1. Tell me which residues, restricted to segment 145-187, are among the polar types (S, T, N, Q), within 16 Å of the chain's Cα centre (by Cα) and in a strand (DSSP E or B).
2. Does segment 147-171 hold any residues that are on the phi < 0 side of the Ramachandran plot, open to solvent by 80 Å² or more (accessible area, probe 1.4 Å) and without any contact (Cβ under 8 Å) to a residue 40 or more places away in the chain, and which are they?
3. Quick check on my filter: what residues within segment 91-121 are over 30 Å from GLY171 (Cβ atoms) and either charged (D, E, K, R) or not in a strand (DSSP E or B) (or both)?
4. When the residues of segment 51-88 are narrowed to those that are farther than 18 Å from LEU113 by Cα and assigned to a strand (DSSP E or B), which ends up least open to solvent (accessible area, probe 1.4 Å)?
5. All but one of (1) among the small types (Gly, Ala, Ser); (2) open to solvent by less than 90 Å² (accessible area, probe 1.4 Å); (3) modelled with pLDDT under 70 hold for SER3; which doesn't?
6. In segment 127-182, what count of residues is obtained for those that are in contact with a Lys or Arg (Cβ under 8 Å, 6 or more places away or on another chain) and among the small types (Gly, Ala, Ser)?
Amino acid sequence: MISVGFSGKILSALALVMTLSACSSGSFSPRSLVSGGPDPKAEQETLEKFAPVAVCPDVQVRDGTQMLAVFEKGKEGDFSAVRFQGTIRKFARECHTDASGTTTIKVGVAGRLLAGPNGAVGAATLPVRVVLVRNGDEVLYSKLYPQNITIAPGAAAADWDFVASDVVVTGDKSQGNFVIYVGFDESKDKKKK
């Protein structure tokens with residue numbers, strides 16, 4: 001026969017009470033013993049924080065749009081008259097899916113503006129487009145982000161970067177093959193596919 005002391009009886013009784021309370025409450029959480037009960041708001045935040053991401057497409061630079069030459073006025077196409085050259089050097093994305101199934105994507109793009117052969121300084125506007133495509137031909141998002149960059153006197157280049165934080169995929173559109181394209185777009189208003 002096993003002898004159970006006074007402290008063993010208390011621990012046994014405590015374990016029995018915890019078990020019975022878990023059965024009667026329907027949802028037992030160890031946190032409820034410490035904090036006085038489950039916190040629905042905290043539990044929802046935890047679920048959203050660790051929820052699986054429905055859509056998080058790769059980012060690619062569309063062929064032919066990684067560099068952009070800015071020419072002197074009236075000398076477009078004359079590569080001896082290049083004032084600046086813009087380049088896209090880095091890109092990344094961060095995705096978050098909420099409880100409704102809507103995914104918000106932040107797309108970061110970084111690059112550099114280089115002075116041309118004549119060592120131009122001053123400002124230039126680089127037209128950077130971000131496009132989200134589903135199944136190869138359905139454009140879900142397309143927006144032009146003009147980047148105003150200045151090369152200071154005495155410098156040969158200037159770095160630039162931005163984040164497009166308003167790319168959204170609703171739950172009903174979350175199935176398919178997705179790609180995010182970034183690149184320079186001189187057409188300004190035309191949607192790139």
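1. SER165, the sole residue that qualifies.
2. ASN148, THR150, PRO153 - these are the residues of segment 147-171 that are on the phi < 0 side of the Ramachandran plot, open to solvent by 80 Å² or more (accessible area, probe 1.4 Å) and without any contact (Cβ under 8 Å) to a residue 40 or more places away in the chain.
3. ARG112, GLY116, PRO117, ASN118, GLY119, ALA120, VAL121, listed by residue number.
4. Taking the candidates together, the pick is VAL59.
5. (2)
6. The number of residues fulfilling the criteria is 6.
The values are calculated or read from the model by the stated rules, or taken from the named source; none is laboratory data. Nothing here was measured: the structure is a model prediction, and the numbers come from that model. We place every Cβ from the backbone using ideal geometry, glycine too, and count neighbours over all the protein chains shown. Ligands, DNA and RNA are stripped out before the accessible areas are found, and what is left, the full protein with its side chains, is counted by its heavy atoms. Shrake-Rupley method; radii C 1.70, N 1.55, O 1.52, S 1.80 Å.
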